[in-house]
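For reference, the structure discussed in these notes is given below.
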Amino acid sequence: MNPAAEQPRTCVYTILVGDYEPLNEQPVAARSSLPFLCLTDDPALTSDTWQVVQVPTVFGMDPVRSQRMLKICPHEVEALRGFDRSLYVDNSVILRETPEEVIARHPHGSGMGLPLHSYRDSVLDEFIEVARLGLDDSGRIFEQLNHYLGEDDPALAEPPHWTAILLRDHRHPKVRDAMSRWLAHVLRYSRRDQLSFNTAVRAAGFAPDAWPLDNRQSWFHTWPHTAQRRHLGGMRHPVNSAMPWQARLRELQGQLETARTETDRLRADLQGAGAHAADLAHRLQSAEAAAVARDTQERQQAEVHAAVAARWQEESSALKAELAGARHRAEQLQREAETAHGGTAAVLAAVRASTSWRVTAPLRRLKRWLR
């Protein structure tokens, strides 16, 4: 660092060009006295925590390398000319602590400090992984690797650096030279800048301060925050970025025709689904009407059965009452008959016991004999 500048003018900056992801806010900016600048080519971009700064892009058809020029050489960026030092953070990184605390706690006496890659053992491993994931054109990747191997570049065996966070002094000659060499490699070879960083700084005779930390999270950051990032969308795709515009136009026309065909198919499917839904609705309506009619008929039959049962119950009760009355009258008549019979027997006994009955007995016998 320049010892003459006790209070270097410092900013935090990120870059968003090419319209391939939304801007992540940095809530920690509210606790910091440093300006947070977002360099962008999006005229509609707004932010609650970033000061949005419109910047021109160098390559209209290559947003990745346009972003790399702003990232790698802040001392050449007009929007950053008023600052002596900067902390670059990729849009996928969210700071948990203030940049003042990060700068105070991490060494950067060389003029530059950045993290080491926490899950690659060597730059050669990074080459292999970038090719495997298809993050750039394989021909360009392996051309670069073959050139480095042909030069017996010792940087291939070194641990790679993680370039999502960069703390740099813009005034330091070694830093400026190393960054210019790094940008030259990115423009000549793969746009994946971590492949060339070690080689470029070694060629410049520069050794930045390396911070060993977990790239995914540390005491001052978390990463990645890329839920809506289109990693290989549009001209960010390595094939598209190298494709002539005539071929790209033809490819897009083919994709449009495919999309139209798919739209027609979906529209036909939708119409078929609509007809099927209408048929199902009609069948459901018919089934509901039949169910209502059946329910009405069953209810009417139940009402008839209930009326018949009530009438039968009423008649049965009347017959039972009539039978009970008849039984009562029969019992009464029987009692009356028994009373009458008893009276008759008593009269007959009295007659037979009378004197007249005994006196007239011979006459009655004569009468029976004469018969």
Breaking point among (1) touching a Gly at 6+ places or on another chain (Cβ under 8 Å); (2) farther than 20 Å from W223 by Cβ; (3) not charged (D, E, K, R), for S33: (1)
Enumeration of residues in the stretch 99-129 that are more than 16 Å from P8 (Cα to Cα) and either assigned to a helix (DSSP H, G or I) or without any contact (Cβ under 8 Å) to a residue 12 or more places away in the chain (or both): R105, V123, L124, D125, E126, F127, I128, E129
Single residue of the stretch 81-93 satisfying the filter (crowded, with 23+ Cβ neighbours inside 10 Å and aliphatic (A, V, I, L, M)) that is nearest to L45 (Cα to Cα): V89
Neighbours by Cβ (under 6 Å, 6+ apart or cross-chain): first from the stretch 61-74, on the phi < 0 side of the Ramachandran plot; second at pLDDT 95 or above and in a helix (DSSP H, G or I): R68/V186; R68/D193; I72/M179; I72/W182; I72/L183; C73/M179; C73/L183; P74/L80
The listed residue being within 30 Å of A207 (Cα to Cα) and out of contact with any helix residue (DSSP H, G or I) (no Cβ under 8 Å at 6 or more places or on another chain), out of P8, P56: P8
Exclusive hit being crowded, with 18+ Cβ neighbours inside 10 Å and either modelled with pLDDT under 95 or not charged (D, E, K, R) (or both), set Q51, Q26: Q26
Members of the stretch 1-60 found to be more than 33 Å from the chain's Cα centre (by Cα) and polar (S, T, N, Q), listed by number: N2, Q7, T10, S32, S33, Q54, T57
Qualifying residue in the stretch 63-81 (condition: of a type in the set (D, E) and at pLDDT 95 or above): yes
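The values are calculated or read from the model by the stated rules, or taken from the named source; none is laboratory data. Quick caveat: nothing in here was measured; it's all calculated off a predicted structure. Virtual Cβ from ideal backbone geometry, glycine too; neighbours counted across all protein chains shown.
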